[in-house]
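For reference, the structure discussed in these notes is given below.
The values are calculated or read from the model by the stated rules, or taken from the named source; none is laboratory data. Please read these numbers as outputs of a predicted model, since none were measured by experiment. Heads up, the Cβs are rebuilt from the backbone with ideal geometry, glycines too, and the neighbour counts pull from every protein chain shown.
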Amino acid sequence: MMTKLFFLISIILQLISFSSQSENQKPPTAVQAELTNYGFPIGLLPSSVKKLTLNQTSGEFSVDLRGACQITLPPDNYLATYSKRISGKIVKGRIAELDGIRVRALFQWWSITGIRSSGDNLVFEVGMVTAKYPSKNFDESPKCEGRHSSS
């Protein structure tokens, strides 16, 4: 169960990380293209992406959503929340220093701190714990179900 939670957190982190842009605003379809350029599926970020800012040199990025939201992540139906702004550092196959994505598991909220692409899988990091899920679970961007309400 803890592994599944971390997987959801990792997915959220990847979605945030892939919203990278070269310090210019890009439309949602361009943000999805950036995610795939770094080796991640587009479903790491919700469909409510408004803009992406990416420093091509440092890999630092921020993704602005239309508002904070929550989604239910497959395949285990974990509740995840996205802040209005998600940030981190992205390089090919890895998102680090992720901030703005949390997953509820084991009756607690966990922050996803990183996401790695490993073959056909995504490895989500929650502190020292990791969870691995098939990348194909994130082929489509989820729609926000409601406003973010966790702390």
**Set GLY119, GLY114: member being among the small types (Gly, Ala, Ser) and under 20 Å from ASN55 (Cβ atoms)** = GLY114
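I need a count of the residues in region 114-141 that are buried (at least 22 other Cβ atoms within 10 Å of the Cβ) and not small (Gly, Ala, Ser). Give the steps one after another, and end with the answer.
As a first pass, look at region 114-141 and keep what is buried (at least 22 other Cβ atoms within 10 Å of the Cβ): 114-115, 122, 124-126, 131, 133, 138.
Still in the running and not small (Gly, Ala, Ser): 115, 122, 124-126, 133, 138.
Summing the residues that are buried (at least 22 other Cβ atoms within 10 Å of the Cβ) and not small (Gly, Ala, Ser) in region 114-141 gives 7.
Return yes or no: is GLU34 at positive phi, at pLDDT below 90 and either buried (at least 21 other Cβ atoms within 10 Å of the Cβ) or over 12 Å from the mean Cα position of the chain (by Cα) (or both)?
On the way: at positive phi: no; at pLDDT below 90: yes; either buried (at least 21 other Cβ atoms within 10 Å of the Cβ) or over 12 Å from the mean Cα position of the chain (by Cα) (or both): yes.
The answer is no for GLU34.
Picking from THR53, THR81, which residue would you name as being under 24 Å from ALA30 (Cα atoms), touching a His at 6+ places or on another chain (Cβ under 7 Å) and not hydrophobic (A, V, I, L, M, F, W, C)? Reasoning before the result, please.
Values: THR53 fails: touching a His at 6+ places or on another chain (Cβ under 7 Å).
When all the criteria are applied, what remains is THR81.
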**Item:** Segments classed as strands (runs of 3 or more DSSP E), wholly inside region 52-151, with at least 3 members that are in contact (Cβ under 8 Å) with a residue 60 or more places away in the chain and aliphatic (A, V, I, L, M)
**Value:** 78-91, 94-105, 121-126
**Request:** Give the residues of region 120-137 that are of a type outside the set (A, V, I, L, M) and under 16 Å from TRP110 (Cβ atoms), sorted by residue number.
**Result:** PHE124, GLU125, GLY127, THR130, LYS132, TYR133
**Request:** Kindly indicate whether PHE107 is more than 18 Å from LYS51 (Cα to Cα), out of contact with any Lys or Arg (no Cβ under 9 Å at 6 or more places or on another chain) and buried (at least 16 other Cβ atoms within 10 Å of the Cβ).
**Result:** no
**Item:** Positions within region 54-63 being at pLDDT 90 or above and surrounded by fewer than 18 Cβ atoms within 10 Å (Cβ to Cβ), in sequence order
**Value:** ASN55, THR57, SER58, GLU60
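Picking from ASP76, ASP120, which residue would you name as being modelled with pLDDT of 90 or more, out of contact with any Gly (no Cβ under 6 Å at 6 or more places or on another chain) and acidic (Asp, Glu)? Explain how you work it out, then say what you get.
Values: ASP76 fails: modelled with pLDDT of 90 or more.
Checking each option against the conditions leaves just ASP120.
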